[in-house]
1. At a Förster radius of 22 Å, what calculated FRET efficiency corresponds to the Cβ-Cβ distance of B:Asp272 and A:Gln180, to the nearest 0.05?
2. What size of dipole, in debye to the nearest 20, comes out for the protein assembly as shown about its Cα centre when the only charges are +1 on Lys and Arg C-beta atoms and -1 on Asp and Glu C-beta atoms?
3. Between the DSSP loop rule and a limit of at most 16 other Cβ atoms within 10 Å, which GluC sites (Glu not before Pro) in the stretch B:266-340 are left?
4. To the nearest 20 debye, what charge dipole does the stretch B:167-296 have about its Cα centre, counting +1 at the Cβ of each Lys and Arg and -1 at the Cβ of each Asp and Glu?
5. Given an 8 Å cut-off on Cα distances and at least 6 residues of separation, report the relative contact order of chain B as a percent.
6. Helix A:251-263: angle to the longest alpha-carbon principal axis of chain A, degrees 0 to 90, nearest 10?
7. Rounded to the nearest 5, what % of the DSSP beta bridges within the protein assembly as shown are antiparallel ones?
8. Provide an ascending nm list, one decimal, of label-point separations from A:Lys53 to the equivalent residue in each further copy; define each label point as 7 Å from Cα along Cα→Cβ.
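Each reported figure results from applying straightforward, stated rules to the coordinates on display, with no laboratory input. Predicted, not measured: the structure shown is a model, and the values here were computed from it. All Cβ positions, glycine included, derive from the backbone under ideal geometry; neighbour counts span all protein chains shown.
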Number of protein chains: 2
Amino acid sequence: MIIMSKNITIGEIARLAGVSKTTVSRVLSGKTNLVKDETLEIILKVIKEQNYKPSIIARSLRTKKTKLIGLILADIENPFYSRVAKGVLDEAENLNYTVIISNSNYSITLEKKLLETFINRQVEGLLLTTMNLDESMVQTLQRAGIPFILIDIKTGMESVNYVTNDNYYGGKLAAEYFMQKGHKNIGYLGCEKLNSLEERKLGFKKALQQNGINHEYEARLKEITNVSGIFNDIKALIRDKKITAFFAGNDYIAIQVLNFVTNELKLKVPEDLSLIGYDNISISAAARVPLTTIMQPKYSMGKIALEQLMQLIKNNHIGGTTKIVFKPELIERDSVKKLN
Amino acid sequence: MIIMSKNITIGEIARLAGVSKTTVSRVLSGKTNLVKDETLEIILKVIKEQNYKPSIIARSLRTKKTKLIGLILADIENPFYSRVAKGVLDEAENLNYTVIISNSNYSITLEKKLLETFINRQVEGLLLTTMNLDESMVQTLQRAGIPFILIDIKTGMESVNYVTNDNYYGGKLAAEYFMQKGHKNIGYLGCEKLNSLEERKLGFKKALQQNGINHEYEARLKEITNVSGIFNDIKALIRDKKITAFFAGNDYIAIQVLNFVTNELKLKVPEDLSLIGYDNISISAAARVPLTTIMQPKYSMGKIALEQLMQLIKNNHIGGTTKIVFKPELIERDSVKKLN
DNA sequence: GTGAAAGCGCTAACAT
DNA sequence: ATGTTAGCGCTTTCAC
């Protein structure tokens, strides 16, 4: 059984302190130079006694500032996204902002719906990680006057802000490393729905091509969440094309492939098959075979994305756009063999 | 440059439709039986034309219902918590609730602060995963009239609700499995600050004791995030006590220990050392050595915790308490050796 | 079936 | 240095 204490409001505090609501409000918002010291003290005392906390809702309604930002994660369970989220969350805590998080499950349809909800909740800004925005979504956001930044996604649209890494360059890094280790029959595993992965593929294939290596070996996930859908393709590529190395669009894919080839195909990595991933998620170092991968600064990306978003909010998102691109690095571990 | 369309409100819709705000409001809240069909149609048309979305803030202020629930995660990056979070998020989406997430980083101090924020935001309910609540926090919550449910934590306090698994039983499972595989010198690795881990330890040690096996071998993390702090202790236990098997309080610890003993001590798991974890986080199957572990239903726990919370909210959290305890199961993989 | 009026808890002009 | 007043956008009596 709960004893609900009557909701204590600013009016009640004012009454108890013998002043007007305005004066209390001034104290609340730190405009204490406008309040006599004595009065201040009394008010502070009453606030403390009553354990009064102003209603953020009422304040939001009045000021149009909700101190709320929205974060849409493609998949909160993928350590890449949860690491980014941690960066966002920690920074939000510093800035005294609260974060609404939703999981889009890589679905644009769901993301659109979530976007609506966030707009209705009057978030001051949005951080987005799901695939590509279409023009209608950008318009919706702009009409609502809500600034937003894409994380790990780029777009052609000039006015759209993003924080990402140089995926094209990262793909190139992977290709060069394979070639340096003597690999010639190299395949790519990815999903066309994620444009960050597509960029990685482009850089990867371009580097192969420039060195006269066949760049057409590829298996495509129909759904990013369904890695097992390409297991047969992988098997065929290894058998028919004598593939010795795969570049996976991200570590999540790489690790599942690693398990598949080990358990089902009875191949040893890297002895029989080499593998490079992307993202350097926390589990990659602890994988069955420690995974060589391309690292991007996930935590920083989350943190910086929020910092930039705050700038946009502060400036009423007029003026320059935010386009931040980190340089990825190859992390050498044990999943690539040196061929003779 | 953004063109801010004037904020369109219920009054504007009413004016455009030639009716009162009340009538529009009735349409908004689905009380369409109180509205003439013709009128309904007109209003719907105007709403659509104007792309009008009611302000959730204003509605919240008026109704005292925010449709917001708060989720405090001890560590969003630990796959255990992010899997639980996914269960919560998916269910919230079904129920049309929005979720505020914060990361307490296992800090009770920070959690207290976050709790205040959430209360001020008038969340309708709270889901908590950080360690133990103290009485003052429980009181704060009860005074604010906000129902809450603990996930993966139990407490002695009679009135406190939780959704967890039977950690004591899980610990017992691990001990029995080790004994069945012929191990006699068995150690435990955990952290006293997390009471779910303490329960696991208790069940584990009790089972050993009942079989006449020394149950005092143990290394304790000072901070749950700092696994490397016990590496020396582990080394000493193996050397001095001839430990052949460790039960780690969770998979996160187990996997870092797995890496340490492999890389630094040059021991082979399970040939030289056996390991059991807890939680069955997604990476455990993909670890360097697929990890034998105790599984608890993380996604369901998140989902069910929210379902139960909704019941409490609906019933004004009067009446019976929610105490749900899942039965954990041992998942057999490759990290335990059979001794002769 | 519909509308007028009040009010949720706060802040921001505008006095004084 | 402080108070009066109005109003943010909605829902909810209550009246017709």
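1. Calculated transfer efficiency: 0.05.
2. 1040
3. B:Glu271, B:Glu332
4. Dipole magnitude for the stretch B:167-296 comes out near 280 debye.
5. Rounded, it is 17 percent for chain B.
6. 40
7. Among the beta bridges of the protein assembly as shown, antiparallel pairing accounts for roughly 10 percent.
8. 2.7
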